[in-house]
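Only one structure is covered here, and it is reproduced in the block below.
A short reminder: the numbers here are calculations on the coordinates, not readings from a lab. Not measured: the values here are computed from a predicted model. All Cβ positions, glycine included, derive from the backbone under ideal geometry; neighbour counts span all protein chains shown.
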Amino acid sequence: MPVLIWFRQRGFVFWFSAFLVLLTIGTLIGMLAFIGESQDNISFSFLKAKPDLSLSITASPQTAERNGSLVYTVVVTNEGPGEAKKIVVDTTLPNGVTFTSAEPADPACFESEGIVNCRLGAIDTTESVKATISVTVDESAPQALVTTAVVQTSLPDSDASNDTATVSTPVK
């Protein structure tokens, strides 16, 4: 039969079972001994908050002219909650344009076979980063220039539905 321990404080009587107290203390000591013996097998994982990148692309002027200049502005915004690192935007240029330049300049942005690749670094939550791509509209350009950009980051994006943007620019 367990020994009952009691004490009185401010008119209340508290009863404790010495058996339960000893059982609890013994369990804690056993747990600590188990952890101490198997510490080589314990690993901790920290979950990083994933970023949510959103992407937009615009063209200026809104209507392109043959043999004229056209500037695409690509904006990446981190909607959070985590920091986005190693941001890369690939913008596929349409047939009917010739690449002129990009900002930030090479090596951050470069063109290869009609795709402009921009490595834009890291941005914190609610911050944005942009790239501009300048092209010349060819004489043989179609009636509409459709340009698509896609953003990626080193961590999985929590909402991939806003990682692609497209702009259609009429040509006169």
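Just a few scattered comments:
- Taking a straight line from the alpha carbon of residue 85, these lysines sit under 19 Å away, with near neighbours fewer than eight places off in the same chain left out: 48, 50, 130.
- Prolate/oblate/rounded label for the stretch 53-170 (Cα gyration tensor, a/c 1.5): prolate
- All other residues whose Cβ lies under 14 angstrom from that of residue 54 are scored, Lys and Arg at +1 and Asp and Glu at -1, for a net of -4.
- Whole-angstrom gap from the stretch 94-155 to the stretch 65-92, using each part's C-alpha centre: 7 Å
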